[in-house]
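Asks: Quick one: the structure is below, questions incoming.
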Amino acid sequence: MDKTTPRRPFLAVRDVSKVFQIGNGTMEALRNVNLVIDKGEFVCLIGASGCGKSTLLRIIAGFEQPTSGEVDIYDHPVSGPGSDRGMVFQDYALFPWLTVRENIAFGPKQKGLPVARVRELADEYLHMVGLAAFAGRYPAQLSGGMKQRVAIARVLANEANILLMDEPFGALDALTREQLQDELLQIWERTKVTVIFVTHSVEEATLLADRVVVMTAGPGRIETDIAIDLERPRDVSSMAFNEVRRSLTQRLTSHVKRRELKTAA
Amino acid sequence: MTPPAAASAALAPAPAIEAGPPAEAAAAPPLAAVAAPAAPRARARASRVPERVQSVLLGLGFPIALVVLWHQLVRMTGTQLVPTPYEVALMMYDFTVGGIHDDAFSGTILTHLAASMERVYGGFALAIVLGVPLGLVIGKVKVVRQLVDPTLSLLRPIPVTAWLPLSMIFFGLGPRSAVFLVFLGAFYPIVLNTIFGVRSVDPKLFEAAAMLGCDGSRMFRQVVLPAATPSIFNGLRLAHGFAWILIVVGEMTGVPTGLGSVIMDGRTLSRTDLVVTGMIVIGVAGFATDRIIVALNNRMLRWSPQHHG
């Protein structure tokens, strides 16, 4: 994908730096990060732990304020959490006292929509994620994969057009993860939502993303920004897929020095 | 008090826990469905009933043994100061129905019980109405916490009974003084447990609510309160216990009715059968209310498997 910067970018991260106060010291999590994301794009942020990818996501969500720089959506700076951006957390963060249906209806209810409309939205997204039969259950009665489906439906029902996903499938078993990846791609294609997806799995990024943004640590910054030109649906066992994955892996690890373990005396 | 879940929760029957959607079920079949043959399941069901019986027998057996021991000890020592269980049973009958001693206490149980319950639940309700909102705000708003928390920590270790003289000056020698003491005793466990409940909520829930457009007072009603409910109920149970303890202290200050005043009168008249009768009535009333709180707890927290008391 050719990256000519549009006049009025959909989402722009401009010179964002973030310094955390930890006790008496400071920790520089991000330094001068710039990133432009088009509407409808599927972008993966990837990097070793501590590279600031989750912090960047939380700044875009409005949960954290950047120390300097700003995040703009259609040139309007982000000042806090908003219903245009929906976060899907790794540990789900569902409201445990609400049923599946009530969790999904939470956002529409906050907007003060008529009861019938709230119901309609909840039904639509319950159906989309295949949980209609579990509408009356509480989160504690669901498996991890089902919880994450609820979390995705919850932000979609809120009509968020940017889906922020922080290692959403990291806690799931391999088979459930594959299935949710597939479902997420279907949802993305159907709803044209923009997805920013944090992961540390090269394979996951290669499978999902239009673009992979590789970040490095100490302080966190963007190392490279690579378009993935594989046709969809992608076949993880194909030669082309493996080639892309290998080159991504190399870029990810090229700056990490191999540490020789000392043999015990 | 009612979190939004509770109302609609009534619709959901308590469902079985593990049954994934078709795909996940295929990936990892629920153990119970595959591995459990009929026989062990039947055995589990059969052993369930005796367990219930056993729990009731043990629960009843111990107090019965205590009563027998009490009886034997009074008989063996020949004391005149402590009544036998039989004397207490007679007194209880007289207190409830009358016709044995036919004195000022005969058949007056309802008068005294009602007076005490009114004060206990009055003070308890006041403590809930003030304690829960205050706890929510202290727990959630840092400035309020910094403002109020040190003062609360300073006042808390003062035994409620130490407030008795001041309480009598503030509220006079009457039931209002008793209500005040009950309120004070119930207030701290409710506030502290509410604060703890709010402070231990996963901050991601607040973030999730904020991104879904929830803020301000709606955040308190729809997220902070329901999230803190398990802890609030712990506070309510503790506070309710303190309320019954303090009613006796409160009613020792010159009120004519109430179970505390009955015990005080019994002491003055050296009627220990009356004292023990009053004690038993308080115990039973407290136990009954506690069961109601637990039932309410289980109903409102059906979403939380680990908070069933």
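The values are calculated or read from the model by the stated rules, or taken from the named source; none is laboratory data. Quick caveat, the model's predicted, so the values are computed rather than measured. Here Cβ is always computed from backbone atoms with ideal geometry, including for glycine, and neighbour counts include all displayed protein chains. To get the accessible areas, we keep the full protein, side chains included, count just its heavy atoms, and leave off ligands, DNA and RNA. Shrake-Rupley method; radii C 1.70, N 1.55, O 1.52, S 1.80 Å.
Asks: When the residues of region A:72-91 are narrowed to those that are facing chain B (nearest Cβ under 10 Å) and either among the polar types (S, T, N, Q) or crowded, with 24+ Cβ neighbours inside 10 Å (or both), which ends up farthest from A:I60 (Cα to Cα)?
Replies: A:Q90
Asks: From the list B:S106, B:S47, exactly one residue is among the polar types (S, T, N, Q), modelled with pLDDT under 95 and surrounded by 14 or more Cβ atoms within 10 Å (Cβ to Cβ). Which is it?
Replies: Being among the polar types (S, T, N, Q), modelled with pLDDT under 95 and surrounded by 14 or more Cβ atoms within 10 Å (Cβ to Cβ) holds for just one of B:S106, B:S47, which is B:S106.
Asks: Could you please let me know if B:A228 is within 14 Å of chain A (Cβ to nearest Cβ), free of Cβ contacts under 8 Å to residues at least 24 places away in the same chain, outside any loop (DSSP other than H, G, I, E, B) and surrounded by 20 or more Cβ atoms within 10 Å (Cβ to Cβ)?
Replies: No: the conditions fail for B:A228.
Asks: Limited to region B:78-104, what total is found for residues that are within 16 Å of B:V67 (Cβ to Cβ) and part of a loop (DSSP other than H, G, I, E, B)?
Replies: Total satisfying the criteria: 3.
Asks: Within region B:251-302, restricting attention to residues that are open to solvent by 20 Å² or more (accessible area, probe 1.4 Å) and not in a helix (DSSP H, G or I), which residue is nearest to the other protein chains (Cβ to nearest Cβ)?
Replies: Once the filter is applied, the top-ranked residue is B:R302.
Asks: Would you say B:L164 is under 19 Å from B:I282 (Cβ atoms), surrounded by 13 or more Cβ atoms within 10 Å (Cβ to Cβ) and of a type outside the set (G, A, S)?
Replies: So B:L164 fits the description; yes.
Asks: Give me the strands (runs of 3 or more DSSP E) completely within region A:174-250, filtered to those with at least 1 residues that are under 24 Å from A:A151 (Cβ atoms), of a type outside the set (S, T, N, Q) and in contact with a Leu (Cβ under 9 Å, 6 or more places away or on another chain), ordered by residue number.
Replies: A:194-199, A:211-216
Asks: Kindly evaluate A:A157 against the criterion of being within 11 Å of another protein chain (Cβ to nearest Cβ), over 16 Å from the mean Cα position of the chain (by Cα), of a type outside the set (D, E, K, R) and surrounded by 22 or more Cβ atoms within 10 Å (Cβ to Cβ).
Replies: In short, yes.
Asks: Looking at (1) under 30 Å from A:Y138 (Cβ atoms); (2) assigned to a loop (DSSP other than H, G, I, E, B), which one does A:G86 not meet, given that it meets all the others?
Replies: (2)
Asks: Something else about it: Kindly list the number of the only condition in (1) in contact with a helix residue (DSSP H, G or I) (Cβ under 8 Å, 6 or more places away or on another chain); (2) part of a helix (DSSP H, G or I); (3) open to solvent by less than 60 Å² (accessible area, probe 1.4 Å) that fails for B:V201.
Replies: Single failed check for B:V201: (2).
Asks: I'm trying to understand the selection: among the residues of region A:95-109, which are under 14 Å from A:A157 (Cα atoms), at the interface with chain B (Cβ under 8 Å from one of its Cβ atoms) and touching a residue at least 24 places away in the same chain (Cβ under 8 Å)?
Replies: A:F106, A:G107
Asks: While we're on this one: Do we have any residue at all in region A:60-68 that's part of a strand (DSSP E or B) and surrounded by fewer than 21 Cβ atoms within 10 Å (Cβ to Cβ)?
Replies: The answer is yes; a qualifying residue exists.
Asks: Here's another thing I want to ask about it. Among A:L56, A:L35, which is part of a strand (DSSP E or B), touching a strand residue (DSSP E or B) at 6+ places or on another chain (Cβ under 7 Å), in contact (Cβ under 8 Å) with a residue 40 or more places away in the chain and open to solvent by less than 10 Å² (accessible area, probe 1.4 Å)?
Replies: Sole residue among the options that is part of a strand (DSSP E or B), touching a strand residue (DSSP E or B) at 6+ places or on another chain (Cβ under 7 Å), in contact (Cβ under 8 Å) with a residue 40 or more places away in the chain and open to solvent by less than 10 Å² (accessible area, probe 1.4 Å): A:L35.
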